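Down below is the structure, laid out as structure tokens.
The values are calculated or read from the model by the stated rules, or taken from the named source; none is laboratory data. Owing to the predicted nature of the structure, the values given are computational and were not obtained by experimental measurement. Here the Cβ positions follow ideal geometry from the backbone for every residue, glycine too, while neighbour counts run over all protein chains shown. Side chains are part of the model used for accessible areas, which takes the heavy atoms of the whole protein and leaves out ligands, DNA and RNA. Shrake-Rupley method; radii C 1.70, N 1.55, O 1.52, S 1.80 Å.
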Amino acid sequence: MKGRSGGIRGCSQLGLRKGKGKERKKVCGLTLLPDELVWNCLAKVSSLDLAALRMTSKAHRSLATTPYLWDLRLEMGRVEPCYYMCLHIFPEPIPRWFILHPVQRRLKPIDSHVYQSLELGSTPIYSHAYQSPESGSSFVVAAWGIFVIGGLVNGKPTSEVAFFDCFEHKWYKLPPMMIPRTSASASMIDDKIYVFGGCLGDDSNWAEVYDIDTLTWDFLCVPSRPKNIKQSVVIDKKVVYAVDEDRQSFSFSPSKLFVSCGGKTDSKPGDRDHWCLIGGFLFSTGPRGTILWCLPDDLDWKEVKGLEELQQQQQRLVEYGITKLTTNNASYIVIFWNAQPQGAASLELWSAEISLRKNGQEIRGKIEWSGCVYKLDYPLTDSNRVKVVFAEPWFQKASDSVAMALSALKRAPPRIGTPLSGEDTQSVRFEAPWR
């Protein structure tokens, strides 16, 4: 953050910089402006500049972290993209959560505290430190945050569901699923989360749906259910498209409540653990550091060209192969891999951002950036490695349901210059924990 406070124009005139004299410390130019003007200006300031503002004084920290300001930023569409990641750093038993710093491009840990209250406007009650399931969780990114569904706890499937609030950086415990599940497929369509598979049983409990508005789970009757799902994506925000362990494709439409078997077979079978949909094309990992693409309708996988430099770079970094493939808000492919630079005694997690363009019958990639995002003090071995459990950007404008939730909170704008209560200042941890 060095030098960031100087990036806010007019800081000295507004009294944001600390002075030597007692009178200068008491002056704050923000109190001389109309409250509505101040809130609208602060809502348009970048999160990094707001972080600089928070460091100037306790009063400015209270001002920049008030819930009303972040509600206003959401309504105005001024929420900036944040990249969240869940890493299982072996030999640690439990995964940990991080946020990627947008400038330094380094992962910063996130405090994990669970709050029990689920009602809008109520004061959250701290319960205990949140611990992610060991593995097998399903993740759904929503307008408000990230749902973590099921997984393995002490080696057994769990029905627990947690929600990470990306505004306040708090965990909430949600109603559990009807039955325990692990490695299930989870997708959100029209403010409902559809969960398929990941359990033992018959057709009656193979799928269930979670209603975000009512906070309730119900079983979903799905005829002609497929076998265990390997990968799934949501296409056009209307249809869940998936491939099962027999490489057969199928789709699910919530509006029609049916499963349609596509009849297509995956052309290149293998344990591809990552799918992402960009511009109507599916992308996945291939053997030896390659990236594959196909159209959902044919599942005829082809290699993304132009990434020979990336494959050579991975060879030089000892461990060869992509551990996670996802996307970002710029529609770039984002990949991660474990690395130990030759001659170094430390384990590193590297990342690369790849832009894409269609060139005739092929897709070509271009490396826009690559580098180390996390570093450990011990070498890479079979027992010492980093598994990227989850990695996705969080950036969405307020949906209708979120807008209704905000109106239900009925937060009034605080008076500028009026100190906030201790509860207000301590309960908000939004968007920029790099301080």
Restricting to the range 328-349, and then to whatever is at pLDDT 90 or above and either in a loop (DSSP other than H, G, I, E, B) or not aliphatic (A, V, I, L, M) (or both), can you tell me which residue is farthest from Y374 (Cα to Cα)?
Y332
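Table: residues versus (1) of a type in the set (A, V, I, L, M); (2) modelled with pLDDT of 80 or more; (3) over 30 Å from V334 (Cα atoms); (4) over 17 Å from the mean Cα position of the chain (by Cα).
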position	(1), (2), (3), (4)
W39	no, yes, yes, yes
L53	yes, yes, yes, yes
T66	no, no, yes, yes
V79	yes, no, no, no
I110	yes, yes, no, no
S127	no, no, yes, yes
S137	no, yes, no, no
W144	no, no, no, no
Considering each residue of the range 213-244, count those that are in contact with a Pro (Cβ under 8 Å, 6 or more places away or on another chain) and modelled with pLDDT of 90 or more, and give that number.
2
Mind checking whether some residue in the range 360-379 is at pLDDT 75 or above, open to solvent by less than 30 Å² (accessible area, probe 1.4 Å) and in contact with a helix residue (DSSP H, G or I) (Cβ under 9 Å, 6 or more places away or on another chain)?
yes
Just for the range 281-293: of the residues that are surrounded by fewer than 19 Cβ atoms within 10 Å (Cβ to Cβ) and in contact with a strand residue (DSSP E or B) (Cβ under 7 Å, 6 or more places away or on another chain), which one is modelled with the highest pLDDT?
F281
Against the definition (hydroxyl-bearing (S, T, Y), surrounded by fewer than 20 Cβ atoms within 10 Å (Cβ to Cβ) and modelled with pLDDT under 85), how does S159 come out, yes or no?
no
Reported set for the range 145-203 where residues are among the charged types (D, E, K, R), touching a residue at least 24 places away in the same chain (Cβ under 8 Å) and under 26 Å from F250 (Cα atoms) is R181, D190, D191, K192
Looking at the range 82-100, I want the residues that are in contact (Cβ under 8 Å) with a residue 12 or more places away in the chain and have a partner that is among the basic types (K, R) and in a loop (DSSP other than H, G, I, E, B) with Cβ atoms under 9 Å, at least 6 apart or on another chain. Which pairs are those?
L100/R106
When every residue in the range 168-212 that is at pLDDT below 90 and of a type in the set (D, E) is compared, the one surrounded by the fewest Cβ atoms within 10 Å (Cβ to Cβ) is D202
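Residues that are surrounded by 19 or more Cβ atoms within 10 Å (Cβ to Cβ): find the strands (runs of 3 or more DSSP E) completely inside the range 59-114 holding 2 or more of those. Let's see the steps before the verdict.
Working: elements: 82-90, 96-100, 107-109.
Because the criterion is at least 2 residues that are surrounded by 19 or more Cβ atoms within 10 Å (Cβ to Cβ), the strands (runs of 3 or more DSSP E) in the range 59-114 that meet it are 82-90, 96-100.
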